[in-house]
1. Which residues, taken from region A:521-572, are touching a Phe, Trp or Tyr at 6+ places or on another chain (Cβ under 8 Å) and part of a strand (DSSP E or B)?
2. For the list (1) without any contact (Cβ under 8 Å) to a residue 40 or more places away in the chain; (2) under 21 Å from A:Q264 (Cβ atoms), I need the number of the one condition that A:K600 fails.
3. What is the residue count in region B:142-187 for residues that are over 22 Å from B:G73 (Cα atoms), touching a residue at least 12 places away in the same chain (Cβ under 8 Å), buried (at least 18 other Cβ atoms within 10 Å of the Cβ) and β-branched (V, I, T)?
4. Here is a list: A:K473, A:K467, A:K487, A:K495. Which entry is closer than 24 Å to A:Y57 by Cβ, charged (D, E, K, R) and surrounded by fewer than 24 Cβ atoms within 10 Å (Cβ to Cβ)?
5. Taking A:R107, is it away from chain B (no Cβ under 14 Å), part of a loop (DSSP other than H, G, I, E, B), among the charged types (D, E, K, R) and touching a helix residue (DSSP H, G or I) at 6+ places or on another chain (Cβ under 9 Å)?
6. Can you tell me how many residues within region A:143-152 are at pLDDT 95 or above and either buried (at least 22 other Cβ atoms within 10 Å of the Cβ) or of a type in the set (D, E, K, R) (or both)?
7. Any idea which of B:P86, B:P24 is touching a helix residue (DSSP H, G or I) at 6+ places or on another chain (Cβ under 9 Å) and within 28 Å of B:G170 (Cα to Cα)?
8. Hand me the list of helices (runs of 4 or more DSSP H) wholly inside region B:87-183 holding 3 or more residues that are facing chain A (nearest Cβ under 9 Å).
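The values are calculated or read from the model by the stated rules, or taken from the named source; none is laboratory data. A quick note: this is a predicted structure, and the numbers were derived from the prediction, not measured. Neighbour counts run over all protein chains shown; Cβ positions are idealised from the backbone, glycine included.
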Amino acid sequence: MKLDSKIPDGPLSEKWDKHRFELDLVNPANKKKFEIIVVGTGLAGASASATLAELGYEVKTFCIQDSPRRAHSIAAQGGINAAKNYQNDGDSIWRLFYDTIKGGDFRSREANVYRLAQVSNSIIDQCVAQGVPFAREYGGQLANRSFGGAQVSRTFYARGQTGQQLLLGAYGALSRQIAAEKVRLFTRRDMLDLMVIDGKARGIIVRNLISGNLEKHSADAVILATGGYGNVFYLSTNSMASNVSAAFAAYKKGAFFANPCFTQIHPTCIPVKGSYQSKLTLMSESLRNDGRVWVPKTPGDRRSPGDIKESERDYYLEKKYPGFGNLVPRDVASRNAKLQCDMGKGVGDTKLAVYLDFKDALKRDGQDIIARKYGNLFEMYEKITADNPYKTPMKIYPAVHYTMGGLWVDYNLMSTIPGLFVLGEANFSDHGSNRLGASALMQGLADGYFIIPYTIGSYLAEASPEKIAVDHKEFNISYLNAEARIKKLISIKGKRTVDNFQRELGSILWENCGMSRKNTNLRKAKKLIKELRAEYWENVLVGGSEKDFNQRLEKAWRVADFLEFSELMVTDTLERQESCGGHFNEDYQTDENEALRDDKLFCHVSAWEFQGNRRKPKLHKESLKFENVELTQRSYK
Amino acid sequence: MTKANGEKCINLKLKVWRQKTKDPKGRLESFKAENISKDMSFLEMLDVVNEEIIHSGKDPIAFDHDCREGICGSCGAMVNGRAHGPEKGTTLCQLHMRHFSNGDTVVIEPWRSRAFKVVKDLVVDRSAFDKIIQAGGYISVNTGGAPDGNAIPVPQEVAEKAMDAAECIGCGACAAACPNASAMLFTGAKISQFALLPQGHPETKKRVLAMVGKMDELGFGNCTNERECEAECPKEISIINIARMNREFIKSAISP
């Protein structure tokens, strides 16, 4: 199978317009004849469900949580980008496009990223109309702030809870369609399998997490908006339920998985404290607007931060990157924090932390202004660490946060399985090898509100699929397979708990496939993962029964998938013999320890095709063509 | 008590509500929580206890949780009779064990409210909150065609007040803490957000009647100014939002 990205011809700025004209339409009266399944109710899933229902389609929406409002988009803090140029500071669609392409270290598609920048402005308008309480200036105009990787202020925000407010906006729109009976909502459902019948995505198998019963649902098209796979590292800023299972089930049914090695390690998280730790907490990147990052100049300096004089502090980001200073992109900030700690200059009990200091901003602006911008973040920090950041600098360290890789999709957001569309973090398309801050919310909502409503219509008009009954034999086979896998997990009754396995998997990946990667370590990781997976299926202890509300069983299923997916991730990491963005292979770096790309050999998307459990997946390459920007070594000096 | 690595630890006695299904028979079961680091969160303490329960072959304690950073609203339980435990403005996942002392007995129960049926142990069904939102907790705009974001200026103090209300995480602590099991803080917060913002005005009357009607229909009680909801709300949402809802309700009921 040859990958066809379906990027329209013509000048970059006209592609989307032209494409929208060329897409087939579904007659308004016919839309109600089509059923669409949407899995996930984060920004992408909720906005897609609501918008498709508004257009007249019959939508069935599924989520893991007890309410669609709890999807993990809710935890996004800092903001959402748009090229409004309200600040008159030189922003434009072209600049947002360029910053995103460059921020992604030239590993994303020009056409997709340009479209994202184009629709960014409509997203803000839509959210304001929904009553999202964005921050305002005194005159009542929308306020903006700066974010990493950009030299303009284009980030819209609602205190440190932008994701929450945008998600509640989309949840409101979704709720309106539920009330109108255009969306049927299924909560506490875990997607276990994708149904592919006659080569097309036609439904899903889900587990009702309360009763434990498996259910079969058919549709004319399936949308996955199931988020990223960051929890493969065990410790991450993702929510506890975030998982790769739905995407991985699609991969096993023929959807290609693209660039799984592209994971984002966010520079400003609260450092790890103890072995019991269940998750990591992000401190928004927006804090780098006013906080200054530093470490003591002398390695091993154990004095408290207040005792270290200005002349003894190393503001290493400001020194090394005078142009962007503390606002360098995330990958650069994370790698430099690690470098400082590797040199023995880390602070705190574990020496795996750097300071983020608000002393100067507090002196300049006063506590009231700082509290208005970041109050809830400072409070959260104090609750977790018992340190008061108004008085003493925060201690921060990088943590796994977002995954740029995901299921491969074409320009229409359709995977390699016809009728299977993938939105938001679950797809791979827009962020290359490093996502800029405040771009995830933008992409999730762009996909759901403004792209899928056009492209899925064209698919349905063209394919006009026949109705499928849920007693079709493919449904029954999948149902029985899922049931058998659940029974097997429960029956092993081994000695190690699911958490215990996931913790070990996470540490294998963090050590060998994290911020800094080496070929020898990657090979070792592959072996360790295989051994751990084999042990899992002989020694896992799940407990309880399958026909019950059994949270251990939910997790056991997800960890079983992580144990397979992680091998694909390491395979992809080994395959990409270059460094780019968040993917840093130590063999490929500049004299100044920056990521060194190899555009001759690796200017492509790596898309992996499943070949059965015992065979190596097959690599397909989509070469990336840059017709509008020049490939350069990224510089933030 | 200090571990070899200097970590401060405590031992606790837990009494946890156990209920297998929605069938309302349940009981308190005792567990020991030992060597609990004071830096752990409350939910991490439950994780540690659950790992031991699993090894002993019993059914672990079921509890809802997801983001573990105080924003998704999944977690929540009555801890020694207080919703989300003893700390002000804190969700259960952000409550840390440094607020407990060695030897404490900690009683953990699910939300108690007529409209929130227990699913299992500490897990309750809060879909009633979704139903209240479905009754009108939104502004009726379809995607597309919205005017420029700056077309309607919103004074900063109005935006701030709307945001104060909009911070609600829908955890259910307000209804659980209220002696009348009232959902007025939850409902009032959403009504306030849209009553304050100009975008919400066209539907204010319809919205308040529909949402209050749904709230009553679902079995939530009325407000008698006990202010327990405000005291226990992890986002410290003010009962001024209930007053605003009542004002809007009266206005709408008098001249519909």
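1. Within region A:521-572, A:V540 is the sole residue that qualifies.
2. (2)
3. Adding up the residues that qualify gives 1.
4. Values: A:K473 fails: closer than 24 Å to A:Y57 by Cβ; A:K487 fails: closer than 24 Å to A:Y57 by Cβ; A:K495 fails: closer than 24 Å to A:Y57 by Cβ.
A:K467 is the lone residue from the list that is closer than 24 Å to A:Y57 by Cβ, charged (D, E, K, R) and surrounded by fewer than 24 Cβ atoms within 10 Å (Cβ to Cβ).
5. Values: away from chain B (no Cβ under 14 Å): yes; part of a loop (DSSP other than H, G, I, E, B): yes; among the charged types (D, E, K, R): yes; touching a helix residue (DSSP H, G or I) at 6+ places or on another chain (Cβ under 9 Å): yes.
Taking the combined requirement at face value, the residue satisfies it.
6. Residues meeting the conditions: 1.
7. Result: B:P86 is the single residue among B:P86, B:P24 that is touching a helix residue (DSSP H, G or I) at 6+ places or on another chain (Cβ under 9 Å) and within 28 Å of B:G170 (Cα to Cα).
8. Of the helices (runs of 4 or more DSSP H) lying wholly inside region B:87-183, those with at least 3 residues that are facing chain A (nearest Cβ under 9 Å) span B:127-134, B:156-166.
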